[in-house]
Amino acid sequence: MSTPRAVDLVITNQCNLRCHYCYHFEGAGDVARDLPRSQWSRFFEELERHTVLEVGLTGGEPFCRPDLPELLEDLSRHPLRFTLYTNATLIGPSEAAFLAGLRRLRAVQVSLDAAHATGHDACRGAGSFERALRGIRALKKQGLPLSLQVTLHRLNAADLEKTAEFVLEELGLASFQLNSAYDMGTCSRHRQQVCLDLDERRAALTTLEALQRRYPGRLRASAGPLAQLRRWTAMEQARRGGESWSQGGRLSSCGGVFRKLAVRADGAIVPCNQLSGRVLGWIQTDDLRQVWQQSPELERLRRRQETRMQDLPGCSGCPWSDWCSGGCPAGSAEGFGTEDCLRAFLEQGGISIEDLVP
Amino acid sequence: MLELRPLPRAGLVLRREHDDWAVLFDPDTGSGFGLDPVGIFLWESMDGRRRVADLLEALRGHFAQVPSQVADEVQGFLRELQERDLIQLL
């Protein structure tokens, strides 16, 4: 690809909440200033010039930007689709009506962690559940494409089944997305209180397995326990069937560096929002195509896929090394995601692969 | 059909991907349609003025070893684009 297909933009570093598991704040992406609208608008033109097709707008909380409506109108003039990531607590009827009038809004993704205030507010602050729900209902009333993100943590994981019922049955959404608190940013400071321990991860996997059967095709995940369960199941089934995967067994992780980039609130171009300390260039001064094609850091990240899993320390002799891709590198000093390691999970949990994949 | 003049629908994005292929992307719906190098050449040659016969002539001049059934294939391709509302045949 000569340019990225998708770009995630942190359009503001401001947020009205301080969630205990936030990966953004207290990390490298937590910068002192936001770019002005004029700078973003010039960058939107560059996105069009380089035929970027999808944009994700995140923060912070996008609705903390007073000029968000103008910014979204600027973006809507370009031939690309965009998704807005929000906590919905600042969305009322007028904000939802405004969003409904925008062309090319692909989806509004709202974070909702539980079916009740106790589970949701535990990490997000008192009152945020009611305000998020009001926002969700306003978005639904406008018929906007709405998706929900549930982040599993120690204080809501036991209620996962009720959360699924609430989202899929009571709110009537077609599906929702799951991930889990990840040891980055603010979350690192609250690690003990929020990150699932081994027993909780195991319990979550059991619940998720049952929920997948109960709601086929309605639970989605690109990270966290559900993504791990699906990946591990596929790896074990491939191992048992003697399948070979063309991209398997290499340190390729999610493959994001081959299709997308991200931009911090201060204009730094980074590989993704989880790798926000690896600055590849600046939208104020650098050409996106040149960064995409010539950044030595990006090239180094892409070349990780030349590394065979079995050649990594700790992975030699692993029964799944021919199918594993190394997990997310963002939270790991070793350069691969130990949290996503199937063998470590089984060994530490004292369970067999047959328990996990019957 | 050879006398018709294909006109691409405005607002579509042609994005080149790897291996000389491209995707024709509709930003209003998010739908995409894959184009091979011949499809890209045809897409970029359509302007509402050139006839299908002109496109075929240009194609034969641009690519080596153009197969004999190319006229049928190009017309089938253009019909598919028309059915997908990606072009008009004027």
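Structural remarks
- Amide N of the range A:77-91 lying under 18 Å from the label point, which is placed 7 angstrom from the Cα of B:Arg84 along Cα→Cβ: A:80-81
- Nearest-0.05 FRET efficiency for A:Ser352 and A:Glu243, computed from C-beta distance (R0 30 Å): 0.90
- The Rg/Rh ratio of the range A:43-82, with Rg taken over Cα atoms and Rh as the Kirkwood radius over Cα pairs, comes to 0.98.
- Whole-Hz Karplus values for the range B:69-85 come out as 8, 4, 4, 5, 5, 5, 5, x, 4, 5, 4, 5, 4, 5, 4, 7, 6 Hz, taken residue by residue from phi with 6.51 cos²θ - 1.76 cosθ + 1.60 and θ = phi - 60°; glycine and proline positions read x.
- Protein accessible area in chain A, 1.4 Å probe - carbon and sulfur %: 47 percent
- On full extension, the segment bounded by B:Asp54 and B:Glu3 gains 17.5 nm, given 0.36 nm per residue less the C-alpha separation.
- Residues of the range A:71-100 that lose at least 10 Å² of accessible area (1.4 Å probe, protein heavy atoms only) when the other protein chains are present, relative to their chain alone, are A:Pro79, A:Arg81.
- All C-alpha pair distances within the range A:204-252, sorted into 5 Å bins from zero, spread as 5, 18, 23, 24, 15, 13, 2 percent across the bins.
- Only protein heavy atoms count here, probed at 1.4 Å, and on that basis chains A and B bury about 1100 Å² of accessible area in total.
- In this structure, the amide hydrogen of A:Val270, modeled 1.01 Å from its nitrogen in the peptide plane, lies closer than 5 angstrom to those of A:Ala262, A:Val263, A:Arg264, A:Leu280, counting only residues at least 5 positions away or on a different chain.
- Heavy-atom surface analysis with a 1.4 Å probe gives the range B:6-89 a carbon and sulfur content of 45 percent of its accessible area.
- The range B:6-89: mean projected area of Cα convex hull, nm²: 5.4 nm²
- Site pair B:Ser31 and A:Ala107 shows an inter-label distance of 2.0 nm when each label is modelled 7 Å from Cα along Cα→Cβ.
- Approximating the spin labels as points 7 Å out from Cα along Cα→Cβ, the A:Tyr215-to-A:Glu161 distance works out to 1.4 nm.
- Note on the protein assembly as shown: Kirkwood hydrodynamic radius from all Cα pairs is 24.1 Å, rounded to one decimal.
- Comparing each chain alone with all protein chains together (probe 1.4 Å, DNA, RNA and ligands left out), the residues of the range B:11-46 losing at least 30 Å² of accessible area are B:Val13, B:Arg15, B:Glu17, B:His18, B:Phe25, B:Pro27, B:Asp28.
- The alpha carbon centroids of the range A:160-209 and the range A:24-62 are separated by 28 Å.
- Kirkwood hydrodynamic radius over Cα pairs of the range A:73-231, then Stokes diffusion coefficient at 20 °C and 1.002 mPa s, in µm²/s: 131 µm²/s
The values are calculated or read from the model by the stated rules, or taken from the named source; none is laboratory data. It should be emphasised that the depicted structure is a prediction, and the values quoted were computed from it without experimental measurement. Methodologically, a virtual Cβ is constructed for each residue, glycine included, from the backbone with ideal geometry; neighbour enumeration extends over all protein chains shown. Heads up: the accessible areas ignore ligands, DNA and RNA and are worked out on the full protein's heavy atoms, side chains in. Shrake-Rupley method; radii C 1.70, N 1.55, O 1.52, S 1.80 Å.
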